[in-house]
1. If I filter the range 65-85 for residues that are in a loop (DSSP other than H, G, I, E, B) and either closer than 20 Å to Gly114 by Cα or in contact (Cβ under 8 Å) with a residue 40 or more places away in the chain (or both), do I get at least one hit?
2. Evaluate the range 53-60: report whether one residue or more is out of contact with any helix residue (DSSP H, G or I) (no Cβ under 7 Å at 6 or more places or on another chain), in a helix (DSSP H, G or I) and either under 16 Å from Cys153 (Cβ atoms) or aromatic (Phe, Trp, Tyr) (or both).
3. One residue is enough: does the range 73-81 have a residue meeting the conditions touching a Phe, Trp or Tyr at 6+ places or on another chain (Cβ under 6 Å) and under 22 Å from Tyr158 (Cβ atoms)?
4. Restricting attention to the range 1-51, which residues are of a type in the set (Lys, Arg) and part of a loop (DSSP other than H, G, I, E, B)?
5. Out of the range 102-144, which residues are outside any helix (DSSP H, G or I) and surrounded by fewer than 19 Cβ atoms within 10 Å (Cβ to Cβ)?
6. Just checking, does the range 84-91 include any residue being buried (at least 17 other Cβ atoms within 10 Å of the Cβ) and modelled with pLDDT under 90?
Amino acid sequence: MPIKNWPVLGISSGAALFVFAVFWSGFAFINRHKRGGFFLDPQDSYAEGQPGREFPLSAQQGTFEPLLKHYIGVAQLVFTVAAGSIALGGSNSQPMPVLVAGAKLVLAWCILYGVLFCGLLLWRYDEYGQDKASFTLFWYSLVFALGFSCLLCFVLGYLAWGVAVVL
């Protein structure tokens, strides 16, 4: 890749890191007054009997496991599409437009955030099964920031790619 593309690649990485920082600090700030652990299983939240909350009947015996499978499935789809675009997008016969290179880098960040999201979510759910107070504000903010950063980088990567195609 020609050296002239490095500033755009730095801007792309900076934007991806900024997205993550905003989500992480946002989730931490919004929930800063919450003490103790966060619930992953609805049945635990239901058993706690929180005043002012009305739970559906399914919360009495609901677990996070079905949702965990959905999260992993969506992440697999995002990984497949993003990785395919990185590998197959663009032409090797001509120089890659700078915006396409930046979009590919943002999609790579999307994959990194998604892999970290899946790994940490699985690990924290396993830890939660041993100690329901283990899903603290730090882990809650980190896991959710990774998930939302993955999705936003996916969208931003394709928006940048679309702009590159139009220009």
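1. Going residue by residue through the range 65-85, those that are in a loop (DSSP other than H, G, I, E, B) are none.
No.
2. No, because not a single residue in the range 53-60 is out of contact with any helix residue (DSSP H, G or I) (no Cβ under 7 Å at 6 or more places or on another chain), in a helix (DSSP H, G or I) and either under 16 Å from Cys153 (Cβ atoms) or aromatic (Phe, Trp, Tyr) (or both).
3. Restricting attention to the range 73-81, the residues satisfying the condition of being touching a Phe, Trp or Tyr at 6+ places or on another chain (Cβ under 6 Å) are 78.
Going one step further and asking which of them are under 22 Å from Tyr158 (Cβ atoms), we end up with 78.
Among the residues of the range 73-81, at least one is touching a Phe, Trp or Tyr at 6+ places or on another chain (Cβ under 6 Å) and under 22 Å from Tyr158 (Cβ atoms), which makes the answer yes.
4. Arg32, Lys34, Arg35
5. Asp131, Lys132, Ala133, Ser134, Thr136
6. Yes; the residues of the range 84-91 include at least one that is buried (at least 17 other Cβ atoms within 10 Å of the Cβ) and modelled with pLDDT under 90.
The values are calculated or read from the model by the stated rules, or taken from the named source; none is laboratory data. Predicted, not measured: the structure shown is a model, and the values here were computed from it. Glycine gets a Cβ as well: all are built from the backbone with ideal geometry, and neighbour counts include every protein chain shown.
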